[in-house]
1. Residues in the range 480-499 that are under 20 Å from Gln407 (Cα atoms) and either open to solvent by less than 20 Å² (accessible area, probe 1.4 Å) or without any contact (Cβ under 8 Å) to a residue 12 or more places away in the chain (or both): how many?
2. Given the conditions (1) within 30 Å of Leu226 (Cα to Cα); (2) modelled with pLDDT of 90 or more; (3) crowded, with 19+ Cβ neighbours inside 10 Å, and given that Cys150 satisfies all but one, which numbered condition is not satisfied?
3. Within the range 471-495, track down each residue that is of a type in the set (A, V, I, L, M) and not in a helix (DSSP H, G or I).
4. Quick test for you: out of Thr183, Thr236, pick the one residue that is closer than 30 Å to Glu274 by Cβ, modelled with pLDDT of 90 or more, open to solvent by less than 60 Å² (accessible area, probe 1.4 Å) and of a type in the set (Ser, Thr, Tyr).
5. So for the range 131-154 (the condition being assigned to a helix (DSSP H, G or I), within 48 Å of the chain's Cα centre (by Cα) and of a type outside the set (Gly, Ala, Ser)), does at least one residue qualify?
6. Of all residues in the range 209-243, which are of a type in the set (A, V, I, L, M, F, W, C), over 23 Å from His265 (Cα atoms) and either touching a strand residue (DSSP E or B) at 6+ places or on another chain (Cβ under 8 Å) or part of a loop (DSSP other than H, G, I, E, B) (or both)?
7. Does at least one position in the range 203-211 carry a residue that is farther than 22 Å from Val139 by Cβ and either hydrophobic (A, V, I, L, M, F, W, C) or open to solvent by 10 Å² or more (accessible area, probe 1.4 Å) (or both)?
8. Pick out the one residue from Arg223, Arg234, Arg227 that is of a type in the set (Lys, Arg), touching a Ser or Thr at 6+ places or on another chain (Cβ under 9 Å) and closer than 20 Å to Ile89 by Cβ.
Amino acid sequence: MDSEDDMMDANDVESVDDDFYSGDMEDDYYSDGVYYDNDDDDVNDDDDGPDYDFMAEAVDDPDDLSFRSQQSYTVLKEEDIRQRQEDDITRVSTVLSISRVAASILLCHYNWSISKVHDAWFSDEDAVRISVGLLDKQVVQFSNARELTCGICFESFPRNKTVSASCGHPFCNTCWSGYISTTINDGPGCLMLRCPDPSCPAAVDQDMINLLAPDEDKEKYSRYLLRSYVESNRKTKWCPAPGCEYAIDFAAGSGSFDVSCLCSHSFCWNCVEEAHRPVDCGTVEKWILKNSAESENMNWILANSKPCPKCKRPIEKNQGCMHMTCTPPCKFEFCWLCLGAWSDHGERTGGFYACNRYEAAKQEGAYDESERRREMAKNSLERYTHYYERWASNQLSRQKALADLHQMQTVHLEKLSDVHCTPESQLKFITEAWLQIVECRRVLKWTYAYGFYLPEHEHAKRQFFEYLQGEAESGLERLHQCAEKELQQFLAADGPSKEFDEFRTKLAGLTSVTKNYFENLVRALENGLADVTQAACSKTSSSKNASVSKGKGGKGKGGKMGGSSKNGDD
């Protein structure tokens with residue numbers, strides 16, 4: 001059994017870990033970017049660490065992206081999760097000197113937090129036992145009875161045909177089996193299963209379920225128990241990819257929330273959307289909501305249609321004259337420009353392609369408000385379309401690059417190795433180029449969401465952002481062109497060629513340059529384009545200093561002139 005000091009040390013470590021994932025992390029948790037790893041039972045206690053809100057500041061040098069690229073998470077397979085779960089159960093069982101099934105019930109009740117179990121248990125063991133249902137003595141006893149009455153079907157059964165939980169309430173095997181199966185089929189609530197007696201708080205443990213439930217229900221219960229270990233743990237989440245059964249254990253204090261599962265799906269551990277570094281989760285949430293919101297449909301309707309003057313249904317005019325006819329059953333005929341009845345129009349009003357009434361009314365300001373609203377909607381829609389089309393285009397390019405990467409790894413590398421008599425290990429520069437393309441397409445895609453929400457009035461930031469984005473995009477296009485087009489001639493070659501070495505140098509160089517471009521872009525966006533603000537402050541400060549120096553120089557000259565004048569008077 002562990003010593004009390006060891007137990008308290010373990011509790012302290014897990015308390016710190018819980019505080020971090022609950023957002024209550026104290027400043028002394030971090031020390032210059034060093035973060036607590038669950039595999040090590042120690043915590044660095046230096047002061048002045050960053051908050052959880054964005055862990056990018058947890059890096060020693062904010063300009064050093066090598067830290068951010070370190071894997072700050074662990075992908076857990078099912079056997080890994082079960083092993084961790086069993087270890088936690090064993091730990092609690094050993095420290096509290098209780099059975100493993102009782103330890104499992106306790107941990108499940110306290111969301112698999114060992115520190116919370118220990119704190120509650122040693123504060124008031126009796127209260128914990130009552131709240132969790134771990135009764136230390138039977139509520140009812142039948143010392144000499146040969147037959148007992150089932151509390152559900154009220155039939156009498158021999159004593160060996162009935163089963164009781166820790167409370168002692170007797171129920172027959174058939175009723176127990178039906179009760180357990182029904183509860184398990186109702187969902188994860190079966191993990192908190194209690195005695196069938198309505199007034200009894202006694203818990204039904206896994207041993208009873210294994211004894212009385214059919215195999216199918218045992219498997220379901222086991223799956224619920226496994227899932228609860230992940231879903232109740234603040235630092236562990238399931239991979240959101242369809243059909244994936246891996247979980248991600250996230251390490252506190254890392255520089256980025258982006259994680260990549262063994263199934264090849266990359267996502268943000270914080271918001272569980274697809275990986276979106278360097279854009280923050282709030283911007284991504286707004287962008288995704290905007291892409292699916294009805295507001296954009298309404299903007300399009302407002303910008304590109306007008307309501308029928310009679311039935312008010314929106315009508316789009318994409319060609320033809322100004323004579324409009326509403327669809328049945330309305331069939332109202334009207335002028336597109338002034339929305340007046342067509343019966344009042346004709347040659348005298350300008351014919352089919354103009355409307356004198358509209359022009360006259362427009363000059364008087366009759367349509368100013370509606371035209372202003374339509375123009376605003378049109379401008380808003382055009383701006384949104386500009387960013388969305390480029391966002392979607394880079395998404396499609398990334399998917400194509402992923403397909404090309406897969407084909408390169410499975411087919412083309414072997415062919416290149418045979419044709420150019422080069423080991424596949426020396427062709428990694430091609431794979432690295434495609435991996436860089438895939439990552440850069442993802443980053444570039446999300447920079448368009450960032451640009452959409454960048455305030456229009458911050459002209460300096462917008463210009464700096466567009467410059468960095470343009471440089472990165474140009475570099476990426478050159479790299480993509482080289483990897484996609486120029487490689488084809490070497491795939492189609494019949495034998496080795498001298499140009500292949502030149503191609504190797506060019507592709508590797510473009511990969512490195514593109515990586516640098518995107519690191520600069522990512523660093524700038526994650527810092528909130530702070531370089532622009534600092535430059536503006538420096539410029540303002542220089543201007544003030546120049547003004548002060550000029551003012552002081554003027555006073556000096558004035559004093560000197562005054563002195564000369566005084567001497568002249570004398």
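The values are calculated or read from the model by the stated rules, or taken from the named source; none is laboratory data. It should be emphasised that the depicted structure is a prediction, and the values quoted were computed from it without experimental measurement. Positions of Cβ are backbone-derived with ideal geometry, glycine not excepted, and every protein chain shown enters the neighbour counts. For the accessible areas, the whole protein counts, side chains as well, though only heavy atoms, and no ligand, DNA or RNA atoms are used. Shrake-Rupley method; radii C 1.70, N 1.55, O 1.52, S 1.80 Å.
1. Residues flagged as under 20 Å from Gln407 (Cα atoms) and either open to solvent by less than 20 Å² (accessible area, probe 1.4 Å) or without any contact (Cβ under 8 Å) to a residue 12 or more places away in the chain (or both) within the range 480-499 amount to 11.
2. (1)
3. Leu487, Ala492, Ala493 - these are the residues of the range 471-495 that are of a type in the set (A, V, I, L, M) and not in a helix (DSSP H, G or I).
4. Thr236
5. yes
6. Answer for the range 209-243, where residues must be of a type in the set (A, V, I, L, M, F, W, C), over 23 Å from His265 (Cα atoms) and either touching a strand residue (DSSP E or B) at 6+ places or on another chain (Cβ under 8 Å) or part of a loop (DSSP other than H, G, I, E, B) (or both): Leu211, Leu212, Ala213.
7. Within the range 203-211, one or more residues are farther than 22 Å from Val139 by Cβ and either hydrophobic (A, V, I, L, M, F, W, C) or open to solvent by 10 Å² or more (accessible area, probe 1.4 Å) (or both).
8. Unique residue meeting the criteria: Arg234.
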